[in-house]
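Report on the following structure.
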Amino acid sequence: MTKTVLGIIGGSGVYSLDGAKCSHWESVSSPWGKPSDCILFTDIEGIPIRFLPRHGRGHKYLPTDINYRANIDCLKRVGVTDLISISACGSLNEKLKPGMFVLVDQFIDKTFARDKSFFGSGFIAHVSIADPVSPTVVDEVEKAIKFEGILYQRGGTYLAIEGPQFSSRAESQLYRSWGCDVIGMTNMPEAKLAREAEICYASIAMVTDYDCWHHKYSNVNVAGVVKVMQDNAENAHRMVKTLARLFPRQHPACPIGSDRALEEAVLTQPESRDPLLVSKLDAVAGRILKN
């Protein structure tokens, strides 16, 4: 079996990790451009962890400007087998109150200004995103959240919008009519790219507000979001430490094939592949390129 290397992508409010030992930040190069930041190499509770702040330390990047391909590629290059995405979100469901964690299991992608695939003309692959998260990873995250006594819901649909503006009231009501549970700006195309890179992925959406649909609450504003975000970040740090203690030391095979997603996805025959694109896929598709 493959040794587990646990990746953590920290969203708004989560820019480093507490309780990390023997830590150092390391610059990792990617043929897809510059990632959001250096990667924190560390060890928590005896498990290797690679942490990347999605917006960069100091929150430098808008959701649209994040280089999602470089982020996922770099995490793959440093050996990440299982990836936990932590992000702030708004609630579109009255039951999901500010401060709650939602273990997302579905996504609707309404972003439009981002590169969404590692593949393209000259090397074509179509992975399934029908089940976007790895249930085995979600199981372990749920154990950690329960242990820490954090209020949560397992399952929910995350609507990804382009941003950086929050929704209009009409948009918020429309998204609720679609059955969406939370709304954010960063989990797409991140989840899609993790699947293409054969990394088992799970998303923790931390609720900060009720978007703007709820008549009992004021419209979304940064000051209100930041206050809840700080409490959420403290819970996230506790959860990560417990998760590191509980997570299997050997990477468990994904029951839905997240870690084998490219096996039946590639259409372009070897003799027809673009050599330049192949060279850029050395980490993401390295397993199948060697076969």
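What follows draws every value from the coordinates through simple rules; no lab data is involved. Source: prediction; values computed, not measured. Note that we place each Cβ from the backbone using ideal geometry, even for glycine, and neighbour counts take in every protein chain shown.
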Practice prompt. Would you give the gap between the C-alpha center of region 257-291 and the C-alpha center of region 10-60, rounded to a whole Å?
Written response: 27 Å
Worksheet item: Which whole-Hz couplings ³J(HN,Hα) result when phi for each residue of region 265-270 is put into the Karplus expression 6.51 cos²θ - 1.76 cosθ + 1.60, θ = phi - 60°, listed in order with x for Gly and Pro?
Response: 9, 7, 9, 6, 5, x
Item to complete: Estimate the FRET efficiency between residue 276 and residue 151 by the formula 1/(1 + (r/R0)^6), using the beta-carbon distance for r and 45 Å for R0, to the nearest 0.05.
Response: 0.40
Practice prompt. Please say if region 146-208 is rounded, prolate or oblate, where rounded means a/c under 1.5 for a ≥ b ≥ c the square roots of the C-alpha gyration tensor eigenvalues, and otherwise the choice is prolate for a/b larger than b/c and oblate otherwise?
Written response: oblate
Response to the item:
Dividing the surface of the Cα convex hull of region 68-125 by four yields a projected area in nm² of 6.1 nm²
Response to the item:
If 2, 186 are placed from fewest to most neighbouring beta carbons inside 10 Å, the sequence is 2, 186
Response to the item:
Dividing the helical contributions, -39500 (n - 2.57) per DSSP H run of n ≥ 4, by the residues of the chain yields a 222 nm value, nearest 500 deg cm²/dmol, of -7500 deg cm²/dmol
Item to complete: Determine the dipole magnitude for the chain: charges of +1 sit on the beta-carbon of Lys and Arg, -1 on that of Asp and Glu, nothing else is charged, the reference point is the Cα centre, and the result goes in debye to the nearest 20.
Response: 360 debye
Practice prompt. For residue 123, enumerate residues with amide H under 5 Å from its amide H, sequence gap 5+ or separate chain, H modeled in the peptide plane.
Written response: 274
Worksheet item: In terms of Cα to Cα distance under 17 Å, which aspartates and glutamates are near enough to residue 60, apart from those fewer than 8 places away along the same chain?
Response: 37, 162
Discussion item. Cut-off under 14 Å on the C-alpha distance; same-chain residues fewer than 8 positions from residue 95 excluded. Which aspartates and glutamates are left, in chain and number order?
Written reply: 181, 209, 211
Item to complete: Run the quick spin-label model on residue 57 and residue 165: label points 7 Å from Cα toward the beta carbon, then report their separation in nm to one decimal.
Response: 3.5 nm
Discussion item. Over 31 Å between Cα atoms: which of 110/216; 76/241; 143/216; 76/110; 3/290; 143/227 fall into that group?
Written reply: 143/216
Discussion item. How tilted is helix 68-77 with respect to the longest principal axis of the chain? Cα atoms for both, answer in degrees (0 to 90, nearest 10).
Written reply: 60 degrees
Discussion item. I'd like the Karplus ³J(HN,Hα) series for region 157-166: coefficients 6.51, -1.76, 1.60, θ = phi - 60°, whole numbers in Hz, and an x wherever there's a Gly or Pro.
Written reply: 9, 9, 9, 9, 10, 6, x, x, 6, 6
Item to complete: Kindly write out, for region 42-52 in residue order, the coupling ³J(HN,Hα) from the Karplus curve 6.51 cos²θ - 1.76 cosθ + 1.60 (θ = phi - 60°), rounded to whole Hz, with x marking Gly and Pro.
Response: 8, 9, 10, 6, x, 10, x, 10, 10, 10, 10
Practice prompt. Provide the descending list of Cα extents for region 123-278 along its principal axes, expressed in whole angstroms.
Written response: 60, 40, 27
Practice prompt. Note the full-extension length gain between residue 216 and residue 115 as 0.36 nm times their separation in residues minus their Cα-Cα distance, in nm to one decimal.
Written response: 32.6 nm
Discussion item. List the residues, sorted by chain then number, that are 5 or more residues from residue 108 or on another chain and whose placed amide H is less than 5 Å from its amide H.
Written reply: 158, 159, 160
Worksheet item: Can you give me the pair-distance distribution of the chain, C-alpha pairs, 5 Å bins, whole percents?
Response: 1, 6, 13, 17, 19, 17, 13, 8, 4, 2, 0, 0, 0
Response to the item:
Hull volume per residue for region 90-212, using the convex hull of the C-alpha atoms, in Å³ is 104 Å³
Practice prompt. Return the long-range amide H neighbours of residue 83 (sequence gap of 5 or more, or a different chain), with a cut-off of under 5 Å between placed amide H atoms.
Written response: 7, 200, 201, 202
